Structures are given as C-alpha cells and as structure tokens.
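Just below is one structure, and these are the notes that go with it.
The values are calculated or read from the model by the stated rules, or taken from the named source; none is laboratory data. In this text, all values refer to a predicted model and were calculated from it rather than measured experimentally. Ideal geometry is used to build each Cβ from the backbone, glycine not excepted, and the neighbour counts take in all protein chains shown.
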Amino acid sequence: MRDGNIILTGGSGFGKTTFLLKILSPFRNDCGGYVTQRLIKSGRTQGFCIKPFAEALTFEIEYAPGIAGIFLKKSDDGWERNDDVFLTMSLSSLSNIEDKKLIVMDEIGGFELIYPEFRRRIREITEGDIPWVAVLKGRENLEAMCRELALPPEYKSIREEFEKWLTESFGSSLVCL
C-alpha cells in the first residue's frame with residue numbers, strides 16, 4: 001500500500017469526473033480503471049454508462065439506444081439497473097492493470113457495493129502498490145438512490161462501513177467538491 005491516494009467526493013454535478021478527465025487526459029494511456037458517464041438527451045439525464053478510463057473523453061455524452069456499457073437508465077417507471085453490465089465492465093477495467101501508473105475508479109459507493117466481488121476487487125487495488133484515485137458517491141444522494149433503485153436494507157450499513165474503511169485505512173486525501 002502506498003500513501004498519497006486521492007478520494008474525491010461531493011454532490012451530483014459538482015464536477016468530480018470532469019476534473020479527473022481534464023487533469024489526467026494527457027496521461028490517459030498510463031491510467032487503468034473506469035469512468036461512469038452521464039447520458040443526456042434534450043438536456044436531461046437519461047442514464048449512465050461505464051467505460052474504461054482510456055476511452056472516456058468527456059463526462060457527458062448524448063444518449064442513443066445501443067450505447068455500450070449502459071448500466072442505469074431512466075424509464076417511464078423510474079430507474080432501471082443493469083448490474084451485470086456494471087460488474088462486467090468495472091471488473092474488466094480493473095483487471096490487467098499491473099503496468100499502469102494510476103488506477104481511476106469513478107465512481108464507487110453506489111449500488112455496486114452490494115456485490116462482494118466488486119468490494120473485494122476495490123480492496124485489492126486500494127491495498128496494492130499502484131496509486132489510485134477514486135470518486136466516492138456523495139452522501140447527498142444516498143436516500144434517493146436507495147429508494148429509486150430499490151436497494152436492499154443492508155446497503156446503507158455496507159456503504160457506511162466501506163466509506164469509513166476507505167477514508168481511514170490509507171494515506172489518502174479526501175477532497176470534497
């Protein structure tokens with residue numbers, strides 16, 4: 001484990017991912033990990049997709065059916081999760097990273113924490129020797145997310161334990177935007 005890791009947190013739309021993309025863009029090929037991108041249609045959020053960090057150029061992209069990596073999308077009945085897409089894409093983006101100089105995890109702290117395999121991979125990375133930067137989902141949206149995504153009751157305690165472990169276990173800087 002190495003000191004100097006960074007955790008960005010803050011409310012939705014504060015610019016956490018945009019900040020990472022702008023700062024790290026020149027080093028794109030040296031970074032592993034993933035980014036979540038907001039899908040916009042007519043100025044409104046329609047969903048989110050996940051991409052390997054090296055492929056993500058902007059935080060927001062125009063929504064179109066068939067975009068690869070959509071794991072959360074708005075429907076007439078509310079939000080629809082595709083957990084398999086998120087898990088497959090995030091775990092794939094977090095594999096074969098041994099030669100990378102920095103690992104980007106954008107974002108963590110959402111519904112994916114209900115999956116032990118995701119939490120296990122995050123733990124392996126954060127306890128490893130490669131520096132990392134993570135975007136931790138802000139607390140401001142947790143109640144709405146739990147309600148709208150029908151998360152199981154144990155999610156809140158998993159999330160609290162995860163945040164405490166992440167912020168207290170490393171020589172990390174927590175940056176609130």
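Hey, S95 hits all of (1) modelled with pLDDT of 90 or more; (2) closer than 30 Å to R44 by Cβ; (3) among the polar types (S, T, N, Q) but one; which does it fall short on? Exception for S95: condition (2).
Taking the condition closer than 25 Å to E168 by Cβ and in contact with a Gly (Cβ under 9 Å, 6 or more places away or on another chain), does V85 pass? Against the criterion (closer than 25 Å to E168 by Cβ and in contact with a Gly (Cβ under 9 Å, 6 or more places away or on another chain)), V85 does not qualify. May I ask you to verify whether T17 is surrounded by 15 or more Cβ atoms within 10 Å (Cβ to Cβ), within 18 Å of A144 (Cβ to Cβ), polar (S, T, N, Q) and touching a residue at least 12 places away in the same chain (Cβ under 8 Å)? So T17 fails the test.
Starting from residues that are hydrophobic (A, V, I, L, M, F, W, C) and part of a loop (DSSP other than H, G, I, E, B), keep the ones in the stretch 145-171 and report whichever is farthest from E112 (Cα to Cα). Walk me through it before giving the result.
Of all residues in the stretch 145-171, those hydrophobic (A, V, I, L, M, F, W, C) come to 145-146, 149-151, 158, 162, 165-166, 170.
Now drop any that are not part of a loop (DSSP other than H, G, I, E, B), which leaves 149-151, 170.
Details: L149: 11, A150: 13, L151: 10, F170: 21 Å.
Checked the stretch 145-171; the qualifying residue farthest from E112 (Cα to Cα) is F170.
Out of K164, K137, which single residue is surrounded by fewer than 17 Cβ atoms within 10 Å (Cβ to Cβ) and under 18 Å from the mean Cα position of the chain (by Cα)?
Values: K137 fails: surrounded by fewer than 17 Cβ atoms within 10 Å (Cβ to Cβ).
The conditions single out K164.
Counting only strands (runs of 3 or more DSSP E) that fall entirely inside the stretch 1-57 and contain at least 1 residues that are closer than 20 Å to G128 by Cβ and over 12 Å from the mean Cα position of the chain (by Cα), the qualifying elements are 5-10, 31-41. Inside the stretch 58-109, residues that are assigned to a strand (DSSP E or B) and among the charged types (D, E, K, R) make up a count of 8. Residue-level analysis places L177 outside the set of residues that are modelled with pLDDT of 90 or more and more than 22 Å from G47 (Cβ to Cβ).
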